[in-house]
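Undergrad: Got a structure here, written out as structure tokens. Questions coming.
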Amino acid sequence: MTGRVLRPGDAGFHSSSAPFNKRHTRTTPAGVLAVADVSDVRRAVEWARRTGVPIVPRGGGHSYAGFSVNSGLVLDLRALDAVTADGSSGLVTAAGGASMAAVYAALEPERIAFALGNGASVGIAGLTLGGGSAATSRAFGLTADALVATTLVTADGDLLTCDAEHHADLFWACRGGGGGNFGVNVSFTYRAFPVSGAATCLLLWDGADAPEVFAVLQEVMRQAPEECSLRLGLSTTGSGVTVSAVGMHLGTAAELRELLAPVLAAAAPLRADIADRTFWEAKDYLAHETSEGAFAATTHFAVDPLPPEAVADVLARLGRWPGGSNPDGGGFALFGWGGAVNKVAPADTAFPHRHANYLVSMDTSWGEQDGPEAVPAHLRWLAELRDSVAPHTAAGAYVNFTDPDLADWRTAYYGDNYPRLVEIKRRVDPDRLFRFPQAIGS
């Protein structure tokens with residue numbers, strides 16, 4: 001190997017293998033390969049196939065379910081971080097271990113962008129392979145929709161470049177089929193869009209205003225132009241509920257204020273920050289890093305706004321949040337969906353959720369000092385919240401907000417596309433070298 005092989009206790013081992021979600025710290029790999037180049041990836045895959053040692057690729061390591069760590073060999077891809085961008089053609093190529101920070105740094109001088117995550121350390125690979133939703137998705141589509149080619153090391157050690165004309169089935173699977181299923185993606189090429197100015201908003205209300213805010217703002221979100229995307233949320237850390245709306249508009253603050261006028265009239269916010277920014281200032285304004293600690297998340301999709309009785313039920317359940325020391329607390333959010341996302345047919349990529357107007361996300365968190373009894377209490381609370389919302393939502397769940405407790409994950413993540421994904425998996429990885437609890441074909 002050109003890169004370093006790290007064993008437990010070696011310098012750098014922990015940072016290369018510690019799960020992002022502290023809920024999954026019991027899983028420790030036997031070794032980590034900090035790859036230096038694509039040849040290292042190919043040698044590692046061949047070695048794992050020959051020895052039978054489990055192998056998993058790790059980019060940003062942000063898997064909610066801890067699936068970027070296993071008990072065998074972890075491929076730390078972070079050194080594969082080169083990104084090139086060409087503003088004249090709109091083409092962007094990122095190596096498989098590139099982070100959001102590296103991609104944005106290459107895009108800004110060219111004044112182009114596509115849908116990207118809002119956490120600096122999030123990896124481009126996992127984001128893309130699971131679909132990839134962002135504040136610009138209603139205008140630009142998913143991250144996977146921008147993908148025009150990807151190169152991956154398959155289970156037999158081959159290096160394949162896939163696009164619409166070459167290995168088209170595998171290319172289809174890499175646009176929403178989930179990370180870690182079909183090989184180790186070492187390069188991605190995207191088509192980006194010109195960007196310049198933008199406007200952002202951050203609105204906060206007391207929990208008592210939630211019925212009025214949800215009644216009005218859900219409809220605003222559904223009818224907003226594609227250039228505008230909002231996230232409507234309820235959150236608690238154990239001392240009351242806060243209502244929030246945060247978002248980006250690829251236009252002016254005056255236009256955004258006009259779009260938000262109905263909800264500003266319905267309930268006066270405690271804070272209202274609506275401002276013009278450059279696109280790059282806007283993405284920094286929306287940046288978010290999850291706090292250290294353990295958490296769990298689950299999702300639905302929704303076509304129609306949640307009715308008042310569902311909002312009231314969510315508020316009541318947030319009032320019964322189990323409590324904990326993680327500052328992220330517990331929450332419920334509606335992300336604006338639709339627009340360009342829904343202009344792609346469900347079977348045109350592996351990502352099937354092209355019908356919804358909202359992504360419904362629910363989460364809870366706890367700290368190490370909260371004790372072992374906190375875990376079942378939080379998971380039970382989250383499951384009950386999910387079940388209470390389910391009658392008001394559509395089928396499906398978002399694979400990038402991976403839920404290891406989701407029983408029907410095959411249908412929820414992939415819908416009618418799952419059988420085709422299984423067929424592709426059997427063809428490119430018949431011995432299931434790349435496997436984890438929710439791997440395709442499990």
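The values are calculated or read from the model by the stated rules, or taken from the named source; none is laboratory data. These numbers come from a predicted model, not from an experiment. Here the Cβ is made from the backbone with ideal geometry for all residues, glycine too, and neighbour counts use every protein chain on show. Protein only, heavy atoms only, side chains kept; ligands, DNA and RNA dropped before computing areas. Shrake-Rupley method; radii C 1.70, N 1.55, O 1.52, S 1.80 Å.
Undergrad: Yes or no: Leu160 closer than 25 Å to Ile55 by Cβ and either open to solvent by 40 Å² or more (accessible area, probe 1.4 Å) or outside any loop (DSSP other than H, G, I, E, B) (or both)?
TA: yes
Undergrad: I need the strands (runs of 3 or more DSSP E) fully contained in the stretch 1-72, keeping only those with at least 1 residues that are more than 25 Å from the chain's Cα centre (by Cα) and either crowded, with 21+ Cβ neighbours inside 10 Å or touching a residue at least 40 places away in the same chain (Cβ under 8 Å) (or both).
TA: Where strands (runs of 3 or more DSSP E) fall fully within the stretch 1-72 and carry at least 1 residues being more than 25 Å from the chain's Cα centre (by Cα) and either crowded, with 21+ Cβ neighbours inside 10 Å or touching a residue at least 40 places away in the same chain (Cβ under 8 Å) (or both), they are 4-6, 31-34.
Undergrad: Could you tell me whether any residue of the stretch 231-238 is open to solvent by 10 Å² or more (accessible area, probe 1.4 Å) and touching a Lys or Arg at 6+ places or on another chain (Cβ under 7 Å)?
TA: The answer is no, given that none of the residues of the stretch 231-238 is open to solvent by 10 Å² or more (accessible area, probe 1.4 Å) and touching a Lys or Arg at 6+ places or on another chain (Cβ under 7 Å).
Undergrad: Let me ask something additional. Among all residue pairs at least 6 apart or on different chains, which show Cβ distances below 7 Å where the first residue, located in the stretch 296-318, is farther than 12 Å from Val389 by Cα and open to solvent by less than 40 Å² (accessible area, probe 1.4 Å) and the second is in a strand (DSSP E or B) and not polar (S, T, N, Q)?
TA: Matching pairs, first to second residue: Ala296/Asp363; Ala297/Met362; Ala297/Asp363; Leu318/Leu234; Leu318/Val241; Leu318/Gly330; Leu318/Phe332.
Undergrad: Looking for something open to solvent by 50 Å² or more (accessible area, probe 1.4 Å), under 28 Å from Pro109 (Cα atoms) and of a type in the set (Phe, Trp, Tyr) - is there at least one such residue anywhere in the stretch 181-190?
TA: Checked against the condition, which is being open to solvent by 50 Å² or more (accessible area, probe 1.4 Å), under 28 Å from Pro109 (Cα atoms) and of a type in the set (Phe, Trp, Tyr), the stretch 181-190 yields no hits at all.
Undergrad: Something else about it: With open to solvent by less than 30 Å² (accessible area, probe 1.4 Å) and not β-branched (Val, Ile, Thr) as the only criterion, which of Ala168, Ala173 stands out?
TA: The conditions single out Ala173.
Undergrad: Could you please find all residues in the stretch 327-338 being more than 18 Å from the chain's Cα centre (by Cα) and open to solvent by 10 Å² or more (accessible area, probe 1.4 Å)?
TA: Answer for the stretch 327-338, where residues must be more than 18 Å from the chain's Cα centre (by Cα) and open to solvent by 10 Å² or more (accessible area, probe 1.4 Å): just Pro327.
Undergrad: Run Ala30 past the list (1) closer than 20 Å to Val186 by Cβ; (2) modelled with pLDDT of 95 or more and report the number of the one that doesn't hold.
TA: (1)
Undergrad: OK, next. Name the residue that is most open to solvent (accessible area, probe 1.4 Å), counting only residues in the stretch 408-442 that are in a loop (DSSP other than H, G, I, E, B) and under 13 Å from Gly177 (Cα atoms).
TA: Looking at the filtered set, the residue picked out is Gly441.
Undergrad: Name the residues in the stretch 348-407 that are over 27 Å from Gln223 (Cβ atoms), part of a loop (DSSP other than H, G, I, E, B) and open to solvent by less than 40 Å² (accessible area, probe 1.4 Å), would you?
TA: Selection gives Ala350, Gly367, Gly371, Val399, Thr402, Asp403, Leu406.
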